[in-house]
Amino acid sequence: MATTRLNPLLHLSQRIETLPRLGFLHPNRKLRLPRLKPSLAIRPIRAKSTDSSPIEAATPAVDAGVSYSETFRLKHTRTLEGEVSVRLNRVKEGGGEGWRLVVGCNLEGKWVLHWGVTYSDEFGNEWDQPPSDMRPPGSIPIKDYAIETPMTNSSSPSGEQTYHNVQIDIHNNSSISAVHFVLKEEETGGWYQHRGRDFRVPLMDCLHEEKNNEDEKKGFSIWPGAFDQFSNILLKTDGSDPKSKDNVQGANNAKQQNGFYEEYPILKEEPVQSFMTVSVKESDEKGKNLVNFDTDLPGEVVIHWGVCKDYNRTWEIPPPPHPPGTKIFRNKALRTSLQPKENGQGSWGLFAVEKKFSGLPFVLKHNHYTWLYNMGTDFYIPLPVGSFPTQFSRDKKKMDEQTMTDVQKQGIMYPPKVEDSQSASDVAETEDIINGIRNLVTDISSEKGAMTKSKEAQENILLELEKLAAEAYSIFRSAPPTFDEEAVSEAESLKPFVELCSGTGSGYEIVCQGFNWESNKSGRWYSELDEKVSEIASLGFTIVWLPPPTESVSPEGYMPKDLYNLNSRYGTMDQLKLLVKRFHEEGIRVLGDAVLNHRCAHYQNKNGVWNIFGGRLNWDDRAVVADDPHFQGRGNKSSGDNFHAAPNIDHSQDFVRKDLQEWLCWLRKEIGYDGWRLDFVRGFWGGYVKDYLEASEPYFAVGEFWDSLSYTYGAMDYDQDAHRQRIIDWINAVNGKSGAFDVTTKGILHAVLEKCEYWRLSDAKGKPPGVVGWWPSRAVTFIENHDTGSTQIRIVKAEREVYAAEIDEKVMMKIGPGHFEPPSGPQRWQLVTEGRDYKVWEAL
C-alpha cells in the first residue's frame with residue numbers, strides 16, 4: 001500500500017561543478033533524490049517548525065498562589081486518510097466507441113485536477129494542453145502546457161462518503177499517447193503526486209491497438225513531467241504498490257484493452273491550533289518554585305528544557321532531583337515527557353525549580369518529529385529570584401514603576417513583561433548588541449582610530465562585529481537584521497584585512513572547483529591538474545576545491561567507504577599531497593570535499609542489510625540513523641533529510657562525532673587541506689557541523705544546502721525570502737563559522753538570463769534577492785570571477801530588460817539588452833569593456 005504525506009517539495013541536490021580552466025561554476029551533476037521530510041521537522045535544540053504566540057485565552061483554573069501565567073497558541077497538523085482513484089473504461093460515443101478517464105478523491109476539500117497530455121508524434125514527456133473538445137466544463141488553461149479542472153462532488157461508488165471526481169472523454173481516433181496529471185487541494189495549497197512524479201495514464205494501446213512500443217509496455221506508470229517545477233506543499237507516496245482491482249502492474253498493463261482501475265491511499269495534513277499554558281507558583285518546599293505545564297496537544301508531548309541564571313537566557317541543566325522519567329539530552333538540556341490527562345484531552349507536567357534561577361527556557365517536541373517554538377525562538381518563562389511573597393502576582397499587564405520598586409526592595413528580581421509578548425530582557429539585550437555594533441563601527445571607522453590602532457586590534461574589532469551580528473540574528477531569526485542607515489553605511493565602507501574568523505576566510509576569496517563530473521575517468525586527475533596549477537593561479541583564483549579524496553563506491557567520490565583510504569579514482573594519496581603542495585607554492589589554498597552525511601558499508605548484518613563498516617572507523621549499525629528503512633540503523637532518528645542511496649550517519653552519537661573530528665584534523669595535517677566544501681548539509685543538524693569546524697579550524701568552509709526555489713504553476717515566484725531563510729538558518733546553526741552556496745541567487749539568475757527578467761535581481765527592499773542580500777559575508781555566489789566577500793552592491797536599476805549595479809563606488813556594470821548609462825554627476829565613469837548585453841565602467 002502506498003502512503004502519502006503533506007510535505008514541501010524539496011528538489012534534489014544538484015552538484016555545482018567548476019571547470020578549472022575557465023574558472024566558473026556550472027551544474028552538470030546527475031541529480032539525487034533526498035527523502036522529503038515532514039514540513040515541521042526541525043533540528044534540536046533550538047527548534048524551528050511552527051510558530052506560537054501568547055494569547056489571552058481561557059485556561060485551566062489555577063489557585064490563588066499562582067504568580068505568573070501565560071498561554072501560547074501552538075500550531076500543528078492532524079492527518080486525514082483517503083484515496084485517489086484512477087479509472088479508464090470503454091464508452092459508447094455516437095456510432096462508435098471511445099474511452100472515459102475518471103480521476104477521483106474521497107478526501108474532504110476543494111480538489112482540482114492539474115493535467116495535460118502528450119501526443120504520439122512527439123518525443124519526450126513534456127505536457128501539452130488537450131484539444132478543446134476533450135476539456136470538461138469549468139476547465140481553465142494554465143499557460144500553454146496544462147489545464148486545471150475543478151473536481152465535482154458526488155456520491156462515492158459505495159455511496160458511503162463524499163467523492164470528488166473529474167471525467168475526461170477521449171475519442172478513439174485521438175493522437176494522444178498519454179494523460180498526465182497531479183492533484184491540487186486549494187484550501188491547503190497541497191499537491192499530490194505519485195512517488196514524487198506526475199501520474200501518467202498511457203493510452204497508445206487503448207487508442208491504437210496495432211501499436212506496441214516500449215513506453216506502453218510500462219502500463220500505468222510514473223514519468224517525469226512538468227510538475228517537477230512546483231515547490232508548493234506536496235502529498236508524497238512512500239513507494240508502496242497501489243491497490244489495484246484489475247492487477248494492472250508491469251508489462252501486462254498495456255494489454256488491458258478493457259481499461260483498468262487503481263486506488264492510491266493518501267494522507268492529508270490539516271492545520272490545527274492548540275494551546276500551552278505555563279503557570280508559576282511557590283512550592284511548599286523551601287527555596288523552590290513550581291512550574292506547571294498544561295496543554296491540549298494530542299499525542300506525545302516532550303519538553304526540552306533548562307534553566308538560566310542571567311537574562312541572556314543561557315541554557316543550563318538544573319541540579320537533580322528532576323521530574324520522573326527525565327533524561328539529559330546531549331549534555332545541553334533535560335528531556336521530560338508530559339503526563340496524559342485523565343480525560344484524554346492533552347497532557348500536563350509539574351517541575352520544581354530552585355529559586356536561584358531567573359528563568360526557564362524550553363521547546364516542545366510533538367509526536368517524535370515536530371518541534372514547536374515561540375515566534376522563531378525558544379519559549380521562555382521568567383522566574384522570581386529570592387523570597388516569593390504570595391501576593392506577588394504577574395500577568396501580561398506591564399508592572400508599573402512603583403510596583404517594581406516595591407518588589408525590588410524585598411529582594412525579588414523579576415524581568416518585567418512588555419507589550420507584544422517581548423520580554424524586557426530581550427529589549428535590553430538587543431539594545432546592548434546594537435550599541436556595541438555602533439561603538440565598534442565608530443571606533444574602527446574613525447580617522448583617529450585608523451591611525452592609532454594596530455592591524456591586530458582592527459582584526460579583533462571586526463571579529464567582535466561578526467559575533468555581535470550573529471548574536472543579534474539568533475534573536476530575530478524570522479527576519480534579516482536591520483540597523484541604523486548611517487551605521488550600516490559606515491560598516492559597508494570597511495575592508496576586512498585578513499580572515500574574520502576560522503571558516504570564513506578573508507571575505508575576498510575566488511573559488512575554482514578543480515574537477516568536474518567526469519574527471520575521475522582518466523584515473524590520474526591529480527597529475528593532470530598538477531600541470532594546470534600555474535594557469536589557475538594566473539587567472540586570479542585564491543582557492544581551489546578538490547574532489548572527495550576517499551575510497552568510494554561511486555567513481556565520483558560521493559559514496560565514501562573507508563575514510564582513511566585516500567587512494568581514489570582521481571589518483572593516489574601521494575599524488576594528492578603533491579598537488580596540494582603545488583597549489584600552496586602558488587599561494588592558492590585548497591578545500592577538501594567532505595562527505596559527512598552518509599557512508600557506504602563494508603559488511604552486511606544478519607538480515608543481509610549493508611550497515612556494518614570496516615576500515616579504521618569500524619562502526620556498527622548504531623552509527624546509522626533509525627528512520628531510514630533501507631538500512632535498519634540502531635541510532636537515533638535523523639536530524640535532517642535522508643539520502644537513501646547509502647546509510648545516513650547518526651551524528652548524535654558521541655563516538656561518531658569524535659571519529660569524524662579526528663578524521664578532519666588528520667586530513668588537515670596529513671594532506672594539508674585549508675578548509676572544506678561540505679556535502680549535502682541538509683542531511684544533518686548544523687550544530688554538528690559547528691563542532692566539526694571548531695575541531696578542524698579551517699581557513700574557509702562552504703556548505704551545500706540545496707533545495708528548490710518557490711514556484712507557482714511552473715513560474716518562479718518573485719519572493720524567494722523563504723528559500724534564502726533556510727540557508728541563513730543553517731549558517732546560523734553553525735554559528736556563522738561557515739559560508740554557504742548562494743543557491744537562491746543561482747536559481748534567480750537562471751530565470752533572469754533565460755527569460756530576460758532582470759527585474760528579479762532586486763528584492764522588495766532594493767537589495768540583492770539571494771543570501772548575498774541578507775548575509776553577504778557568508779554567501780558564496782555562483783558567478784564567474786565574482787568576489788564572495790561582504791562588499792555590498794548598490795543596485796542602480798532593475799527592470800525587465802536591464803540590471804545595473806555599482807560596486808564600491810569604483811565599478812559600474814549592466815547586463816541585459818536594455819539601455820543603461822551611468823548617471824551624470826560629480827563622479828565620472830569610463831567604459832572599459834562591453835559585449836553582447838553587458839557593459840562595464842570604471843570610476844575616473
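Just a few scattered comments:
- When the alpha carbon gyration tensor of the range 503-563 is reduced to an equivalent ellipsoid, the three semi-axes, largest first, read 24, 16, 8 Å.
- Amide H contacts of TYR711 (H built 1.01 Å from N, under 5 Å, at least 5 apart or other chain): SER231, ASN232, ASP717
- Maximal additional length on extending the LYS286-SER527 stretch stands at 79.4 nm, based on 0.36 nm per residue less the C-alpha distance.
- Accessible-area ranking of ARG800, ARG589, largest first, probe 1.4 Å: ARG800, ARG589
- Centroid-to-centroid separation of the range 626-700 and the range 703-722 [C-alpha atoms, Å]: 26 Å
- Our coupling estimate for the range 529-534, obtained by passing each phi through the Karplus curve with A = 6.51, B = -1.76, C = 1.60 and θ = phi - 60°, is 5, 4, 6, 9, 4, 5 Hz, Gly and Pro reported as x.
- Cα gyration tensor shape of the range 647-687, rounded if a/c is under 1.5, else prolate or oblate by comparing a/b with b/c: oblate
- For peptides 636-647, 81-92, sequence by mean Cβ density within 10 Å, most packed first: 636-647, 81-92
- Taking every alpha-carbon pair in the range 571-727 and binning the separations at 5 Å intervals from zero gives 2, 8, 15, 17, 16, 14, 12, 8, 5, 2, 0 percent.
- Accessible-area order (highest first, 1.4 angstrom probe) of the listed residues GLU354, GLU799: GLU799, GLU354
- Long-range tail of P(r) for the range 673-750 (Cα pairs > 18 Å, %): 41 percent
- Zone of TRP517's modelled label, taken as backbone nitrogen in the range 529-560 under 14 Å from a point 7 Å along Cα→Cβ: 555-558
- Across the protein chains, with a 1.4 Å probe defining accessible surface, the residues ARG197, ARG778 rank ARG197, ARG778 from largest area downward.
- Alpha-carbon Rg/Rh ratio, for the range 533-646, with Rh computed the Kirkwood way: 1.09
- The solvent-accessible area of LYS143, taken with every protein chain present and a 1.4 Å probe, is close to 120 Å².
- Residues whose amide H falls under 5 Å from that of LYS288, counting only those 5 or more places apart or on a different chain, are SER283, LYS355, with hydrogens built in the peptide plane.
- Taking every protein chain into account, the 1.4 Å probe leaves HIS114 with about 0 Å² of accessible area, to the nearest ten.
- Exposure of SER283 as accessible area (Å², to 10), given a probe of 1.4 Å and all protein chains: 20 Å²
- Remark: the SER132-TRP759 segment gains 222.2 nm on full extension, using 0.36 nm per residue and subtracting the alpha carbon distance.
- Percent accessible area from carbon and sulfur atoms, the range 560-693, protein chains only, probe 1.4 Å: 45 percent
The values are calculated or read from the model by the stated rules, or taken from the named source; none is laboratory data. If you're wondering where the values come from, they're calculated on a predicted model, not measured in any experiment. Neighbour counts are summed over all protein chains in view; Cβ atoms, including those assigned to glycine, are modelled from backbone coordinates with ideal geometry. Keep in mind that these areas ignore ligands, DNA and RNA; they rest on the heavy atoms of the full protein, side chains included. Shrake-Rupley method; radii C 1.70, N 1.55, O 1.52, S 1.80 Å.
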